[in-house]
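Laboratory data are not the source of any read-out in this text; all were calculated from the coordinates shown. Just so you know, these numbers come straight off a predicted model, no measurement behind them. Cβ coordinates were reconstructed from backbone atoms using ideal geometry, including for glycine residues, and neighbour counts include every protein chain displayed.
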Amino acid sequence: MPESSEPIPPKGVDLTRPSVARVYDYYLGGTANWAIDREFGERVLDRFPLVKNIAVANRLFLNRVVRHLAKLGVRQFLDIGAGVPTAGNTHQVADEVAPDTRVVYVDNEPVAVAHGELLLDKEGDPTRHAVIHADLRDPDGLWRDAVATGVLDPEEPVALLIIAVLHVFQPGPDGTDISEQSLARYRELLAPGSYLAISHATDEGTPSELTQRLADLKRMYDTSSSNKVIWRPRAEIDSLFGDFELVEPGTVWSPQWHPEQTGPNATPITFDTPSHAVVWAGVGKKTR
Ligand SMILES: C[S@@+](CC[C@H](N)C(=O)[O-])C[C@H]1O[C@@H](n2cnc3c(N)ncnc32)[C@H](O)[C@@H]1O
């Protein structure tokens, strides 16, 4: 239950279990989390302190993707599983490069959506920014709702961002993970010239001293949080790009993707080796 000094949660928030979105916000130093999320986050960080830096490095990857693609001329972003707004949100980074960029944020966690609305009320432009409550597993419904905001033109290229979302287990009606089918549909919906950016935790190719910690992390999420997690092998993550052409340098550890695009106010995270970042990341382009 929320502590008495805690903010009143938005409608529909489940405070009986820690949520992936709110715990991630806690790792990043945010305040859109409740005691149940913080206690879980602390247990994770006790066992696996590197998780904080892994989360920040992932966030910096997101920022670099937006900056890089905006510089390549992309003017529309659909950020699915955008999370609770924190430093360097997609519309802020994109606006630094091109102030005519359009962004729709999507999440299925009410706290993330409510905080997104608050931020956009304060500093957004309703003709260029929107946030919607929708589910990644319903590509056609999500796409329809995103287009209905009037912010995105579906006939023009869109950069679809699915950053640190697909290692959250995505159960379909039969209980199996349907990320692959969902992604296949998004790839069809996107106009030619669109981009797909993905980052995803893996336990393949990671340092041996992290193997047990990654297994423990998975067990903690699987047994206690609102969502299970899935560490996919790298080839499986790569296959989520389908026939999209990978942008240089291909899929790499998160800190290795265009480090030169790190913003002037961001401090890159230094790991013992890039594989300590645990997150495999890349961007593909729809060329046909
Ligand atoms: C680890 S956070 C990543 C946030 C942000 N993309 C980033 O990288 O900084 C994962 C987010 O995905 C959202 N999410 C997970 N499954 C989802 C689904 N099926 N539909 C929409 N959002 C989802 C969670 O609510 C959470 O906000």
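Residues Leu214, Leu142, arranged from fewest to most other Cβ atoms within 10 angstrom of their Cβ, appear as Leu214, Leu142.
Calculated on C-alpha atoms, the gyration radius of the chain divided by its Kirkwood radius gives an Rg/Rh of 0.93.
Just rank Leu69, Leu28, fewest to most, by other beta-carbon atoms within 10 angstrom. Let's see the in-between values first.
Numbers: Leu69 26, Leu28 18.
So the residues, fewest neighbours to most, are Leu28, Leu69.
Along its principal axes, region 162-278 has C-alpha extents of 39, 39, 26 angstrom, given from the largest down. Whole-Hz Karplus values for region 72-84 come out as 7, x, 5, 10, 9, 10, 10, 9, 8, x, 5, x, 6 Hz, taken residue by residue from phi with 6.51 cos²θ - 1.76 cosθ + 1.60 and θ = phi - 60°; glycine and proline positions read x. Rg/Rh for region 65-119 to two decimals, with Rh computed the Kirkwood way over all alpha-carbon pairs. Taking Rh as the inverse mean 1/r over Cα pairs, Rg/Rh reads 0.98. Here the Karplus curve 6.51 cos²θ - 1.76 cosθ + 1.60, taken at θ = phi - 60°, turns the phi angles of region 191-199 into couplings of 6, x, x, 6, 10, 10, 10, 9, 10 Hz, with x standing for Gly and Pro.
I'd like the FRET efficiency for Leu118 and Ser208, computed as 1/(1 + (r/R0)^6) with the beta carbon distance as r and R0 of 45 Å, rounded to 0.05. Efficiency computed from Cβ-Cβ geometry: 0.55. Of all the options Ala148, Ala55, Ala164, the one that moves most in a Gaussian network model of the chain with Cα springs shorter than 10 angstrom is Ala148. Straight-line cross-link reach from Lys285 at under 27 Å between alpha-carbon atoms covers these lysines, not counting any fewer than eight positions away in the same chain: Lys71. Rounded to the nearest 500, the helix-only mean residue ellipticity at 222 nm of the chain stands at -11000 deg cm²/dmol, with each DSSP H run of n ≥ 4 adding -39,500 (n - 2.57).
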